[in-house]
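Chemist: The structure is given below, and queries will be raised subsequently.
Any read-out appearing in this document is the output of simple, stated calculations on the displayed coordinates, not a laboratory observation. Keep in mind that what you see is a predicted model, and the values were worked out from it rather than measured. All Cβ positions, even for glycine, are placed from backbone atoms using ideal geometry, and neighbour counts span all protein chains on display.
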Amino acid sequence: MTDRQPLVVMTGVTKTYAGITALDDVDFVVRAGEAVCLAGENGSGKSTLIKLLAGVEKPDRGVISLDGVPHAAMTPTAAAASGIAVIFQDFSLFPNLSVAENIAFGAELAEGARFVRGRHVRELAARTLERVGVPLDLSATVGMLPVAQKQLVAICRALASEARLIVMDEPTTALTEREVRALLAIIQRLKADGVAVIFVSHKLAEVLEVSERVVVLRNGRKVAEGPAAEFDARSLTRHMTGRDLAEVGAAPLDPSAPVLLTVERLSKAGAFADIGFTLRAGEVLGISGLLGSGRTALAKALFGLVVPETGRVTLDGREVPLGDPLRAAGAGIGYVPEDRLTEGLFLTQSILRNVGVGRIEAHGRGPFLDMAGLVEDARDWLARLRVRAPDPEAPVRSLSGGNQQRVVLARWLARAPRILILNGPSVGVDVGSKAEIHAIIADLAAHGLGVIVISDDLPELLATCHRILVMVEGRIVEDIPRMDATEEGLARRLAS
């Protein structure tokens, strides 16, 4: 790989925001046909480096060279003309346009086309899809596609615009294990075709599998660089965080612990059928399945957001009304959704208000609200969960993903639930925050809560759970004790 000419060379790039250094004298090189992992915790400088490369931001110091030509600062137009494409987590697609129109849009724009050339658009899209070896319906409306297919459309749009370097920002966050395998295979084909890839991900196993080289940022500085073969998950974590993270697992479950939750013959047409299980005090129960297995619909049904047609749920021996989230919460069930940005947080409201909203009824004085008590309560929970918030009055959207997740947890824990359902508890958070969230789960179980972890992150399930339920096509097909579970075995069961 080192005999290939560098495609991009960033030398001594530095960027500050309001006196805070986001990047400090960083060198970064990418060669044609090379996959480079850019690793680091939230706030390490990864996003800033990508923005400089794409021309969205300009460096305070340093030089960016493309094909040996130096630029003091890139522009989005120059970056695109040079073949640099960034696929962000939201993909930035047009949901009302077809697959073909989305794929060809950038190329048509670059050619200055004044009108839609329907035949040309379809031919270009078909050629690009054939290049990555993926069949998609060219006429399908993108807004109706599943996440994995939207991602493929975004990749094909970059290739149709003659991209030579594709930056993938957290490309596997919302994908199932099978979809991740397919994406990694596509990345391998792109590399063989001479396309360079910068791969940003918190999932360390995937990072090491697809990359030839790893660059690690911490607090805006490059702290490690080398062939991917020289890193493993533990060493990569150490470089990213500056410390060794303790492995936290579920403590042995007391076999005499009382049953908190009983679910009997819960069914919802098209979602799940004949679901039954129990959850004991202090138990962490994992539920896993591929996209469409019914795992999220089940989680929402337990909290009352989906109305089952048949079945029964009891908590502490008392029946919980189905299809009523207010009464489910009142009974002691909490739910942390998978998509915290659209379902779990009030993004424009302050961090304190996002925590305090869960305790409003406890701080009422007749028609008035005891704001001082509410704020004090919220600050206490922020401290307990170690939410790193320099200004608790700042909007919650200003926090990193890991801290946002802790804010949602704090809101529910402030209500003292008996059962806490965590849907994708570490989606989109960095490795340090992930370890801290796992430690929180273990601590909650140690204090007698029943915890349900819904995830397709198999290492996460193995690290946190006492038992794992496997869902396939809306049914629980296996109940596996942690001591009998392996990552390979779970992957095989999920794919069956």
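Chemist: At each listed q (0.20, 0.21, 0.22 Å⁻¹), what is the log10 of I(q)/I(0) that the Debye formula gives for the range 365-496 modelled as equal alpha-carbon point scatterers?
Modeler: With no solvent term, the Cα-only Debye profile gives -1.20, -1.28, -1.36.
Chemist: Another question, if that's okay. Note the count of lysine pairs whose C-alpha atoms are less than 21 angstrom apart in the chain, limited to pairs 8 or more residues apart or on different chains.
Modeler: Qualifying lysine pairs in the chain: 16.
Chemist: Please order Thr128, Thr278 by the number of other Cβ within 10 Å, starting at the fewest.
Modeler: Ordered from fewest to most neighbouring Cβ atoms within 10 Å, Thr128, Thr278 come out as Thr278, Thr128.
Chemist: Tabulate in residue order the Karplus-calculated ³J(HN,Hα) for the range 8-23, using 6.51 cos²θ - 1.76 cosθ + 1.60 with θ = phi - 60°, rounded to whole Hz; enter x for Gly and Pro.
Modeler: 10, 10, 9, 10, x, 6, 9, 9, 10, 10, 6, x, 9, 7, 8, 9
Chemist: Most exposed first by the Cβ proxy, i.e. fewest other Cβ within 10 Å, how do Arg181, Arg379, Arg157 rank?
Modeler: With the sparsest Cβ surroundings first, the list reads Arg181, Arg379, Arg157.
Chemist: Please list, short to long, the whole-number percent of alpha-carbon pairs of the chain in consecutive 10 angstrom bins beginning at zero.
Modeler: 4, 17, 26, 25, 18, 8, 1, 0
Chemist: A further question on this structure: Cut-off is 10 Å between beta-carbons; in what order do Met10, Met240, Met483 appear when sorted fewest neighbours first?
Modeler: Exposure proxy ranking, most exposed first: Met483, Met10, Met240.
Chemist: Let me ask another. Roughly how compact is the range 6-241, stated as its Cα Rg over 2.2 N^0.38 Å to two decimals?
Modeler: With N residues counted in the range 6-241, Rg over 2.2 N^0.38 Å equals 1.01.
Chemist: With axes computed from alpha carbons, what is the tilt in degrees of helix 99-110 against the longest principal axis of the chain, rounded to the nearest 10 within 0 to 90?
Modeler: Helix 99-110 and the main axis of the chain meet at about 40 degrees.
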